[in-house]
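So the structure is just underneath, and the comments pick up after that.
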Amino acid sequence: MLTRALPSGVLLAALLCSGAVMAGAGRLERGNGPEPSTLDAHRCPEVACANILRDLYEGLVAEDGAGRLIPGMAESWEVSADGRTWTFRLREGLRWSNGEPLDAGQIVASFRRALEPATAAPYAHHFEAVGDIAAPDPRTVVFRLERSLDLPRLLLLPIAYPVYLPALEQYGARHTRPGRLVGNGAYRLKDWLPQAHVQLERNPYFREPAPIAEVRFHVTEDAASELRRFEAGDLHITETVPPQPLASLRERFGEQLRISPYLGSFWLGLNLRRPPLRDEPLLREALSLAVDRDILTRHVTGLGETPAFGVVPPGIAGYEPPSPGWAQGTQAEREARARALYAQAGYSRERPLELELRYNTSTPHRRLALAVAAMWREVLGARVTLRNEEWKVFVGNRRQGVITQAFRGGWIADVDDARDFLQLFQSGGANNWSGFADPGFDALLAQADAAATLEERAAALQAAEARLLQAHALVPLYFYTSKHLVRPEVEGFEANPLDRHPSRFLRLRD
């Protein structure tokens, strides 16, 4: 998307308007990336909706501003000696945002709706080991598992939030609209202007009044525009920072620039459901080897990201990612092999590969797509067409896998677990955008699930990742950092590996 400077009169009006916004002092203005695809907690598939849902809802457990596990609806919990039964004791006086009482029976009914196949919850796979959920009394929720899980960590996911079923029954899919959405978090939905913002107000029935009265999540798909809005005083926090020289950003913004390690991977997905990539492992390998990840992370992204030759990022607890053989050697050696493989696959500069690379609207994604397309063209002679789509359109096309060939992929960890990344490639999985189907890979995931020890589980997951990389089912590019601009008056914004910042732990200094 092209951007242009604002005329001086428009800029002045924007500054005056933003001054009025800041003068309110009771509203936090947050950049949030693309338009959220839904505010149905059970169907939320991405970061943009999860950020908002963490304010609208609370699960049995929660996390504080530093990402530490804390009590949520449950004041305490315990697990049986065999790790198969978890019992959660609810706080007294829980209420929905409309003031009605919230009890264990409603929580169990919501979980059952979340896990029904008809709901098509994208994170239902995390709870496949749950055999039964029961409410023996109004303040107790019991989970019985078929294998041991770190259940409290999974209960942080939006799928584990209680959805108010009477609204769902009355309004159907439109139960998420203002005036209809009933949550149980520190905030409630006040307004939703599509492609502009989602505005929340303090929930008077939440047990601890949030320090900030209102929060507005702005759609900021274009990172360069988001940066200008921050500079104009229109935003307190940005969702990201556009690619620029790091030294220059630090000089301009000083301590307002927050860059931290982040459990996230960025890759290009390859559609394995249809030609030309379905039956051409040599071609897929050539495309991966032709990409100079060092150039991408130093000159295109440039904000602390590290080159990736795998899927699972470093820093996952108890896991050592495999190092594929093709990642060894120099970039010149990789490119020489890429050209040889490209020729073996039947392509040449006289008969070039024609490929579409699809990505969602975003300045960083556009820059990255341009750079990768240039590398494929220069190293291999491929002809690459770039397709830029608005987020919802892009997500739909990527999921359907009909018109896609190569596409922007990637994953931000839901939980600190290597399996969270690898499950994206499990046969038939809701988030398996590539259509990768390998019984050997699936068997290794099943072996990890059934492992008797953490060491055996990690070994099976490592073997699964190695098998995935050997198939060249994707083109790994880099591992993320979280990057935000945060105004000095915002207090309580703490870095954490999952980059989650619930608004109720933030404050605005006068």
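Brief remarks follow.
- Selection count, segment 410-433, where residues are crowded, with 22+ Cβ neighbours inside 10 Å, of a type in the set (G, A, S) and under 21 Å from G396 (Cβ atoms): 0
Each row is one residue, and each column tells you yes or no for (1) among the charged types (D, E, K, R); (2) at pLDDT 95 or above.
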| site | (1), (2) |
| --- | --- |
| A210 | no, yes |
| T220 | no, yes |
| P243 | no, no |
| E255 | yes, yes |
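- Output for segment 122-141, where each listed residue is more than 22 Å from the chain's Cα centre (by Cα) and under 30 Å from F421 (Cβ atoms): A129, V130, G131, D132, I133, V141
- Selection within segment 277-332 - within 27 Å of L249 (Cβ to Cβ), touching a residue at least 40 places away in the same chain (Cβ under 8 Å) and of a type in the set (K, R): R293
- Which listed residue, of R298, R351, is within 26 Å of T240 (Cβ to Cβ), more than 23 Å from the chain's Cα centre (by Cα) and either surrounded by fewer than 21 Cβ atoms within 10 Å (Cβ to Cβ) or among the aromatic types (F, W, Y) (or both): R298
- Subset of segment 321-336 that is part of a loop (DSSP other than H, G, I, E, B) and more than 20 Å from L468 (Cα to Cα) - its residue that is modelled with the highest pLDDT: T330
- Per the conditions (1) modelled with pLDDT of 95 or more; (2) aliphatic (A, V, I, L, M); (3) crowded, with 17+ Cβ neighbours inside 10 Å, the sole criterion not satisfied by A443 is (3).
- Scanning segment 78-123 for residues that are more than 22 Å from Y205 (Cα to Cα), among the small types (G, A, S) and outside any loop (DSSP other than H, G, I, E, B) returns A114, A118.
- Some residue of segment 451-460 being in contact (Cβ under 8 Å) with a residue 60 or more places away in the chain and of a type in the set (A, V, I, L, M): yes
- Against the test of being under 26 Å from L39 (Cβ atoms) and among the acidic types (D, E), the options E226, E255 yield a single qualifying residue, E226.
- Any chance T238 is at pLDDT 95 or above and either over 30 Å from Q400 (Cα atoms) or of a type in the set (S, T, Y) (or both): yes
- Top-ranked residue of segment 128-138 - restricted to ones that are out of contact with any helix residue (DSSP H, G or I) (no Cβ under 6 Å at 6 or more places or on another chain) and surrounded by 15 or more Cβ atoms within 10 Å (Cβ to Cβ), ranked as modelled with the highest pLDDT: V130
- The residue pairs whose first member lies in segment 58-77 and is over 16 Å from R95 (Cα atoms) and in contact (Cβ under 8 Å) with a residue 24 or more places away in the chain, whose second member is polar (S, T, N, Q) and assigned to a strand (DSSP E or B), and whose beta carbons are closer than 8 Å, counting only pairs six or more residues apart or on different chains, are W77/T87.
- Picking from residues in segment 429-447 that are within 20 Å of the chain's Cα centre (by Cα) and not aliphatic (A, V, I, L, M), the one that is farthest from P117 (Cα to Cα) is S434.
- Test for R68: is it surrounded by fewer than 17 Cβ atoms within 10 Å (Cβ to Cβ) and at pLDDT below 95: yes
- Residues that are more than 14 Å from Y187 (Cα to Cα), touching a strand residue (DSSP E or B) at 6+ places or on another chain (Cβ under 6 Å), among the basic types (K, R) and buried (at least 19 other Cβ atoms within 10 Å of the Cβ) occur in segment 30-47; there is at least one.
- Checking L272, L303 one by one, the residue that is assigned to a loop (DSSP other than H, G, I, E, B) and either among the aromatic types (F, W, Y) or within 25 Å of E335 (Cβ to Cβ) (or both) is L272 and no other.
- Being under 25 Å from N51 (Cβ atoms), free of Cβ contacts under 8 Å to residues at least 40 places away in the same chain and among the acidic types (D, E) is a description that does not apply to E226.
- Test for R339: is it surrounded by 13 or more Cβ atoms within 10 Å (Cβ to Cβ), among the basic types (K, R), in contact with a Lys or Arg (Cβ under 7 Å, 6 or more places away or on another chain) and outside any loop (DSSP other than H, G, I, E, B): no
- Across segment 362-383, the qualifying residues are those that are closer than 24 Å to Q244 by Cβ and β-branched (V, I, T), and the one among them that is surrounded by the most Cβ atoms within 10 Å (Cβ to Cβ) is V372.
The values are calculated or read from the model by the stated rules, or taken from the named source; none is laboratory data. All of these numbers come straight from a predicted model, not from anything done at the bench. Every residue, glycine as well, gets a Cβ built from its backbone with ideal geometry; the counts of neighbours run over all protein chains shown.
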